[in-house]
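Have a look at the structure below before the remarks.
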Amino acid sequence: MAAAAAAVQTLDPVAIRWFQSSDRKICQRIAAEAAMSSYGRAMPERGFAFTPEAPLEPAEVRLVATVGDEPVGFLELVGSHVSNLFVDPARQGRGIGSALMGAAEETAPGDITLSVFTCNPAARRLYERLGFHFEGLSQTMFHGLAVDVWRMRKPRPVRLKVRKFDLVILDFDGVLADSAPWMLANIGRLSQRHGLRRPDEAMLERLRGLSNRQILQQLRVPFWKLPAIARDLRAMVLADVATIPLFAGAQGFLDGLHDAGVRLAVVSSNSEAAVRAILGPASATRISRFRCGAGLFGKAPLFMRVQREMGVAPGRVLCVGDETRDVEAARKAGFTSAAVTWGYATPEALRSAAPDHLVDNFEGLSGLVVT
């Protein structure tokens, strides 16, 4: 869903996430103010419905747009019908409504429908710009009052592919980004800075066949040094993002899953700034959630957090990585794991971690997710 937000040109970066209970009061305020600024004044006898105390209407899905951490709008879905879309009047005209509609299209199956009060022609013009077509005039009951509405629909192409997973959580380095050459070129500098054993090329190759804990033992890295090493490493990568490419086929892989309606997330030890820069604008729009700066062995809680935030059943989540710790984290979180053989760890090391799937190319990985 963040993909839809990033694709819209706004004055401030917009993110789309699932509704949280802490959003309720601010969403009630936004609904009241947005309604009064558009159609509320045409319904003075229903003024009680346009106050910050009025409860939110029932909805199956509620999506929230934020700028920074501040909610600035929300959209409600019942099936594939948009029952409400409200944007803070102070933030209107900045693409927030369009971002919410784009996120709804990623979430809902089939055609998208909605109804617009005939006293709110500005909303109809917005939806027409977004591809909705007028279907007819009818009436709906609004707090006991029969109100004229325009019924509108946006046709959606039928998806022929069947999703086996609804959410794919991706490691970044070694899965999407070919960062191993950069790491090999800079491991000596990092080791010198932190007083670690400096590996030669033969040792580096041997390390690929070990688990992450065994690698730390071989390099004589005390656990108390890990946070400082990680901070330094993230800063070094960020300074060199122009030298780190995506693997061939990574962008097509992301595009294919996104077009099939699969939601994508990145959980990485790298920084979000570096991940976004290496992905580039086009590929970054395919990612609905970034959870970066993860600890070396701290991915499992982030996996579970992303799954809860995106409202996907645990059995519909696939975690993809290139190291034994990625497999371990997926197992701890209770999700299906896929290990890729084109990253850091050797196929033998990955097999020893017993992932649910071991894949050799992006085509095989795509085949795990959609058929």
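Answer yes or no as to whether residue 4 is surrounded by 19 or more Cβ atoms within 10 Å (Cβ to Cβ), at pLDDT 50 or above and not β-branched (Val, Ile, Thr).
Judged against the criteria, residue 4 is not a match.
Of everything in region 132-188 that's within 23 Å of residue 277 (Cα to Cα) and of a type in the set (Gly, Ala, Ser), which residue is farthest from the chain's Cα centre (by Cα)?
It comes out as 185.
Is it true that residue 33 is at pLDDT below 90, assigned to a helix (DSSP H, G or I) and either of a type outside the set (A, V, I, L, M) or over 29 Å from residue 145 (Cβ atoms) (or both)?
Criteria not met by residue 33.
Restricting the first residue to region 73-94 and requiring it to be modelled with pLDDT of 90 or more and among the small types (Gly, Ala, Ser), which pairs with a second residue that is open to solvent by less than 50 Å² (accessible area, probe 1.4 Å) and part of a helix (DSSP H, G or I) meet a Cβ separation below 7 Å and a spacing of at least six or different chains?
That search, which allows pairs on different chains as well, returns 73/30; 73/91; 73/96; 73/97; 73/100.
Residue 238: under 26 Å from residue 290 (Cβ atoms), at pLDDT 85 or above and open to solvent by 50 Å² or more (accessible area, probe 1.4 Å), yes or no?
Yes; evaluated as a whole, the condition is true for this residue.
How many residues are among the charged types (D, E, K, R) and within 19 Å of residue 365 (Cβ to Cβ) if we restrict to region 234-281?
The initial filter retains those residues of region 234-281 that are among the charged types (D, E, K, R), namely 234, 240, 255, 259, 263, 272, 276.
Checking which are within 19 Å of residue 365 (Cβ to Cβ) leaves us with 255, 259, 263.
Counting residues in region 234-281 that are among the charged types (D, E, K, R) and within 19 Å of residue 365 (Cβ to Cβ) gives 3.
Of all residues being assigned to a loop (DSSP other than H, G, I, E, B) and of a type in the set (A, V, I, L, M) in region 104-138, which is most open to solvent (accessible area, probe 1.4 Å)? Just the residue, please.
130
Name, by its number, the condition in (1) at pLDDT below 90; (2) open to solvent by less than 40 Å² (accessible area, probe 1.4 Å) that does not hold for residue 152.
The one condition residue 152 does not meet is (1).
Pick from 274, 294: which is assigned to a loop (DSSP other than H, G, I, E, B) and under 21 Å from residue 236 (Cβ atoms)?
That would be 294, the only listed residue that is assigned to a loop (DSSP other than H, G, I, E, B) and under 21 Å from residue 236 (Cβ atoms).
Could you please tell me which pairs satisfy a Cβ distance under 8 Å, a separation of 6+ or placement on different chains, a first residue in region 272-285 that is at negative phi and open to solvent by 20 Å² or more (accessible area, probe 1.4 Å), and a second residue that is part of a helix (DSSP H, G or I) and among the polar types (S, T, N, Q)?
From region 272-285, the pairs are 282/251.
Limited to region 182-197, what total is found for residues that are of a type outside the set (A, V, I, L, M, F, W, C), open to solvent by less than 60 Å² (accessible area, probe 1.4 Å) and over 17 Å from residue 217 (Cβ atoms)?
2
Using beta carbons and a limit of 7 Å, which pairs, at least six apart or on different chains, have the first residue in region 231-245 and touching a residue at least 24 places away in the same chain (Cβ under 8 Å) and the second one surrounded by fewer than 15 Cβ atoms within 10 Å (Cβ to Cβ) and among the charged types (D, E, K, R)?
Every condition considered, the pairs that remain are 232/193.
So residue 119 clears everything in (1) over 25 Å from the mean Cα position of the chain (by Cα); (2) of a type outside the set (D, E, K, R); (3) under 27 Å from residue 286 (Cβ atoms) except one condition, right? Which one?
Checking residue 119 against (1) over 25 Å from the mean Cα position of the chain (by Cα); (2) of a type outside the set (D, E, K, R); (3) under 27 Å from residue 286 (Cβ atoms), the one that fails is (3).
The values are calculated or read from the model by the stated rules, or taken from the named source; none is laboratory data. Predicted model, so just to flag it, every value in this text is computed and none were measured. Positions of Cβ are generated from backbone atoms using ideal geometry, with glycine treated the same way; all protein chains shown enter the neighbour counts. Accessible surface is based on the protein model in full, side chains and every heavy atom, while ligands, DNA and RNA are left aside. Shrake-Rupley method; radii C 1.70, N 1.55, O 1.52, S 1.80 Å.
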